[in-house]
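The values are calculated or read from the model by the stated rules, or taken from the named source; none is laboratory data. It should be emphasised that the depicted structure is a prediction, and the values quoted were computed from it without experimental measurement. Here the Cβ positions follow ideal geometry from the backbone for every residue, glycine too, while neighbour counts run over all protein chains shown.
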Amino acid sequence: MFAKTHLHRYRNLLKYLPVLPAIGLLVVLCYRFWPTVSPLGPPVIISRAEWGAEPPDPQLQNPMSREVFNTVVVHHSAMAPYEGPREIQYAHMHERGFLDIGYHFVLDGRGRIYEGRNLAVHGAHVREHNAGTLGIVLMGNYEELTPSAEQVDRLKWLVRELMQHHPLTHLAGHRDLLPGKTLCPGTHLEPLLPALAAELGLRFGAGGYLGPEPAPTAPTTRVSNPAAAPAPGATPH
Ligand SMILES: [Zn+2]
């Protein structure tokens, strides 16, 4: 009788076996997409020291004269949503030859904002359009993912904060400045930007760009590294 009861229990457990792969899949999906579905915390800007930024290349130590930023350019990282400022900075400095992370701010799926490149120097985020443009990147690939309303709200909060310190007039997606040359900031993020600009009282698009980037007085990429040369065709980021 005793053994029979145990056998019965094991049989009961065995009937749950078919759902184990589904549970496993759920765990993997939660891990993969958690940054975009978890609730946002309060607005916070995480400093470079706090996220463990690498110092900029010494060639960036003499920033160009302070310029006026009039356009916010929104990007996606085109990387996994859990790959953050450290991974982006590494890719920019060690794979693409930039002198520092190219963006001025990085925003993750939980609404945390990471300080990026010093605002006293050009970013390196829109080829030949870095003068006057302030770069914000959302972690993740928004060709595949859709940003949450909360995440877009946090982006709005950040731009509103920046409007207190910079005479911003326009908000654009990366692809608006380089039509046909990039997919950034992704099919699911770009269409949200006109409404976002309107809510902020900004004009949408590339109309604020003032013309060719002036010749830099200091290098923005390592002089000896050709990796920063533009790649042909549409790029994902
Ligand atoms: Zn971009």
Is it the case that segment 64-80 has a residue that's out of contact with any Gly (no Cβ under 7 Å at 6 or more places or on another chain), modelled with pLDDT of 95 or more, surrounded by 20 or more Cβ atoms within 10 Å (Cβ to Cβ) and not in a loop (DSSP other than H, G, I, E, B)? yes
Which one is surrounded by the fewest Cβ atoms within 10 Å (Cβ to Cβ) among residues in segment 106-125 that are among the aliphatic types (A, V, I, L, M) and not in a loop (DSSP other than H, G, I, E, B)? Ile113
Restricting to segment 171-192, name every residue that is touching a residue at least 40 places away in the same chain (Cβ under 8 Å) and away from the ligand (no atom under 11 Å from the Cβ). Leu171, Gly180, Thr187, His188, Leu192
Take Arg112 and tell me if it is touching a strand residue (DSSP E or B) at 6+ places or on another chain (Cβ under 8 Å), away from the ligand (no atom under 16 Å from the Cβ) and under 17 Å from Leu192 (Cα atoms). no
(1) surrounded by 14 or more Cβ atoms within 10 Å (Cβ to Cβ); (2) at pLDDT below 95; (3) more than 16 Å from the ligand (Cβ to nearest atom); (4) part of a loop (DSSP other than H, G, I, E, B) all hold for Leu168 apart from (2)
Report, ordered by the first and then the second residue, all pairs with beta carbons closer than 9 Å, sequence separation of six or more or different chains, a first member in segment 125-149 that is not assigned by TED's automatic domain parsing to the domain that holds Glu87, and a second member that is more than 14 Å from the ligand (Cβ to nearest atom). none
Neighbours by Cβ (under 9 Å, 6+ apart or cross-chain): first from segment 71-88, in the same structural domain as Leu202 (by TED's automatic domain parsing) and under 24 Å from Ala197 (Cα atoms); second in a loop (DSSP other than H, G, I, E, B) and of a type in the set (Val, Ile, Thr): Thr71/Thr169; Val73/Val126; His75/Val126
